[in-house]
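Please treat every number below as a calculation from the coordinates, not as lab data. The model shown is predicted, which means the values in this text are computed figures rather than measured ones. Note that we place each Cβ from the backbone using ideal geometry, even for glycine, and neighbour counts take in every protein chain shown.
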Amino acid sequence: MEKTLLDGKKILIVDDEPDVLDSLEELLSMCDVSRASSFEEAEALLKSKSFDLAILDIMGVQGYKLLDLALEKEVISIMLTAHALSPEETVRSYKKGAAFFVPKDRLADIATFLNDVLEAKEQGYHHWARWLDRLGPYYDRRFGSDWKDTDREFWEKLAGQDWRLASVLRKEEERE
């Protein structure tokens with residue numbers, strides 16, 4: 001198996017559905033995974049262990065409250081949802097500091113999304129650098145081609161963002 005940025009990463013997975021936790025654990029077998037099925041379990045783990053990443057369900061486990069706790073601990077957090085899947089919740093997750101927003105029916109691609117996030121961090125890009133490329137077509141099919149209309153300014157800014165800027169500036173500083 002090809003080595004990835006995920007190999008050996010400590011990941012907290014939180015969801016109130018045992019089958020989702022089982023699937024995530026299987027999909028992330030290259031990682032050191034801790035799992036929680038409630039807000040209280042996740043909170044205790046965040047307070048007692050260190051993690052590189054957290055995958056947080058939004059509904060059923062107070063995902064946004066967990067996001068706040070994870071960010072306090074400087075844990076890169078990805079929001080996962082089925083019931084709260086909407087362009088509005090995607091924007092909310094971005095604005096609250098999540099590194100990515102993943103629909104549960106795209107769970108099979110979780111390793112790719114997490115690698116994108118880690119690669120962006122490593123290269124100095126914003127975590128959301130590949131989100132529109134990866135999930136924009138999915139949103140077009142799911143919500144129709146006008147799904148960005150509810151927050152057009154936000155999506156235009158996201159699409160027009162020069163994600164490489166941080167990386168370019170860092171490389172220039174290293175040369176000096």
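For LYS9, give me every one of the aspartates and glutamates with a C-alpha distance below 16 angstrom, ignoring sequence neighbours fewer than eight places off in its own chain. Leaving aside aspartates and glutamates fewer than 8 places away in the same chain, those within reach of LYS9 are GLU25, GLU26, ASP32, ASP52, GLU74, ASP116, GLU119, GLU122. Taken one residue at a time, the phi angles of the range 74-82 give Karplus couplings (6.51, -1.76, 1.60, θ = phi - 60°) of 6, 9, 5, 10, 10, 8, 10, 7, 10 Hz. Gly and Pro are set to x.
Only one of (i) 68; (ii) 49; (iii) 65 was calculated from the structure for percent of Cα pairs over 21 Å apart, and its label is (ii). Proximity of backbone amide H atoms, modeled 1.01 Å from N, is registered between CYS31 and GLY8 at under 5 Å, excluding neighbours fewer than 5 places apart on the same chain.
To the nearest 0.05, what FRET efficiency results for GLU41 and THR4 with a Förster distance of 25 Å applied to their C-beta separation? Efficiency computed from Cβ-Cβ geometry: 0.35. The modelled label-to-label distance for the pair LYS96/PHE154, using points 7 Å beyond Cα in the direction of Cβ, is 1.2 nm. Counting 0.36 nm for each residue step from SER50 to GLU74 and taking away their Cα separation leaves a gain of 7.7 nm.
Sparsely packed loop sites in the range 8-75 (the GluC sites (Glu not before Pro) outside DSSP H, G, I, E and B with at most 11 other Cβ atoms within 10 Å) comprise GLU74. The residue among TYR125, PHE100, LEU80 whose Cα reaches farthest toward the positive pole of the charge dipole of the chain, with charges on the beta-carbon of Lys, Arg, Asp and Glu, is TYR125. Relative to the Cα centre, the charge distribution of the chain, modelled as +1 at Lys and Arg Cβ and -1 at Asp and Glu Cβ, gives a dipole magnitude of about 340 debye. Coupling constants for the range 87-104 follow from the phi torsions by the Karplus curve (6.51 cos²θ - 1.76 cosθ + 1.60, θ = phi - 60°), and in residue order they are x, 5, 5, 5, 4, 4, 4, 4, 5, 7, x, 5, 8, 5, 10, 10, x, 4 Hz; glycine and proline get x. Taking other residues whose beta carbon is less than 11 angstrom from the beta carbon of ASP140, and scoring Lys, Arg as +1 and Asp, Glu as -1, yields +2. Within the shell of other residues whose beta carbon sits under 13 angstrom from the beta carbon of ASP57, the net charge comes to -3, with Lys and Arg scored +1 and Asp and Glu -1.
Among the listed pairs LYS65/LYS104; LYS104/LYS157; LYS10/LYS157; LYS10/LYS73, those with a Cα-Cα distance over 22 Å are LYS104/LYS157; LYS10/LYS157. Computed from the Cβ-Cβ distance with R0 of 41 Å, the FRET efficiency linking MET30 to SER145 stands at 0.65.
With helices as the sole contributors, the chain gives -15000 deg cm²/dmol at 222 nm; each DSSP H run of n ≥ 4 counts as -39500 (n - 2.57), and the sum is divided by every residue. From the Kirkwood radius over Cα pairs of the range 68-165, Stokes-Einstein at 37 °C and 0.692 mPa s returns a whole-number translational diffusion coefficient of 236 µm²/s.
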